[in-house]
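Notes for the one structure printed next.
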Amino acid sequence: WPSIYVGIDVIVNQETPPHLDKVSAPSLLDLLVSLGTHDAQFHVSDLSSIFSYQPGTMIYLAGKLLHHSVPKWEKGERIALAYYMKDAVHNRFGLARPSSTQQKDLLGKFLQT
């Protein structure tokens, strides 16, 4: 199926230690999709934040810029889909990277007066 992302990782029943995504493009948002039957939480340590990560949750994140993790959960099966754009794709084809996403890009029509 068509996608703006060039990389997709499938993570099954794995804790994810705190990390930065090394291959992602810094100006683009990665998409994380939570599936399964688990009760996990999503941590963004650079923001001192913990988010509910119940099945059906979708998170857009600047994964190359913000340390994030999913520690051990209590019950259920966890499946996560991680979609990302590899910075190397822009380099290989000599393409300019898109500028960083701003609130106006996401909510543009709602912010217009």
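The values are calculated or read from the model by the stated rules, or taken from the named source; none is laboratory data. Since this is a predicted model, take the numbers as computed values, not measurements. For neighbour counting, all protein chains shown are included, and Cβ atoms are generated from backbone atoms with ideal geometry for every residue, glycine included. Ligands, DNA and RNA are stripped out before the accessible areas are found, and what is left, the full protein with its side chains, is counted by its heavy atoms. Shrake-Rupley method; radii C 1.70, N 1.55, O 1.52, S 1.80 Å.
Over the heavy atoms of R97, what accessible area does a 1.4 Å probe trace out, to the nearest 10 Å²?
R97 has an accessible surface of roughly 100 Å² with all protein chains in place.
Want the number for Y5 to Y60: 0.36 nm per residue separation, take away the alpha-carbon distance, what's left?
Values: separation 55, 0.36 × 55 = 19.80 nm, distance 1.25 nm.
Value of the extension gain: 18.5 nm.
Using 0.36 nm times the number of residues separating K75 and S100, minus their current alpha carbon distance, what extension gain do you get?
This chain segment gains 5.3 nm when fully extended.
Computed from the mean reciprocal separation of all distinct C-alpha pairs, what Kirkwood hydrodynamic radius does the chain have, in Å? Don't skip to the end; give the middle numbers.
Details: mean 1/r = 0.0656 Å⁻¹.
Evaluated on the chain, it is 15.2 Å.
Short version: ³J(HN,Hα) in whole Hz for each residue of region 80-88, in order, from phi by Karplus 6.51 cos²θ - 1.76 cosθ + 1.60 (θ = phi - 60°), x for Gly and Pro, what are they?
Rounded to whole hertz, the list is 10, 10, 10, 9, 8, 9, 6, 4, 5.
Could you sort V6, V33, V70 by accessible area so the largest value comes first, with the probe set to 1.4 Å?
Details: V6 80, V33 25, V70 5 Å².
Solvent-accessible surface, decreasing: V6, V33, V70.
Probe radius 1.4 Å, ligands and nucleic acids left out: which of K22, K64 has the largest accessible area, and how do the rest follow? Display every interim value, and only then the final one.
Numbers: K22 180, K64 65 Å².
The most accessible residue leads, giving K22, K64.
What's the magnitude of the charge dipole for the chain around its Cα centre, counting Lys and Arg as +1 and Asp and Glu as -1 at the beta-carbon? Answer in Debye, nearest 20. The partial results should precede the final answer.
Working: 10 positive and 10 negative charges, 71 e Å.
Dipole about the Cα centre, nearest 20: 340 debye.
Which shape class, rounded, prolate or oblate, goes with region 24-63 when its Cα gyration tensor gives a ≥ b ≥ c as root eigenvalues, a/c under 1.5 marks rounded, and past that a/b bigger than b/c marks prolate?
Numbers: a/c = 3.42, a/b = 1.44, b/c = 2.38.
Oblate.
Full-extension gain between V33 and V89, please, as 0.36 nm times their residue separation minus the C-alpha to C-alpha distance. Walk me through the numbers before you get to the answer.
Details: separation 56, 0.36 × 56 = 20.16 nm, distance 2.27 nm.
Additional length available on full extension: 17.9 nm.
Taking only protein heavy atoms and a 1.4 Å probe, what accessible area per residue, in Å², does the chain have with all protein chains in place? Don't skip to the end; give the middle numbers.
Numbers: 7560 Å² over 113 residues.
On a per-residue basis, the chain sits at 67 Å².
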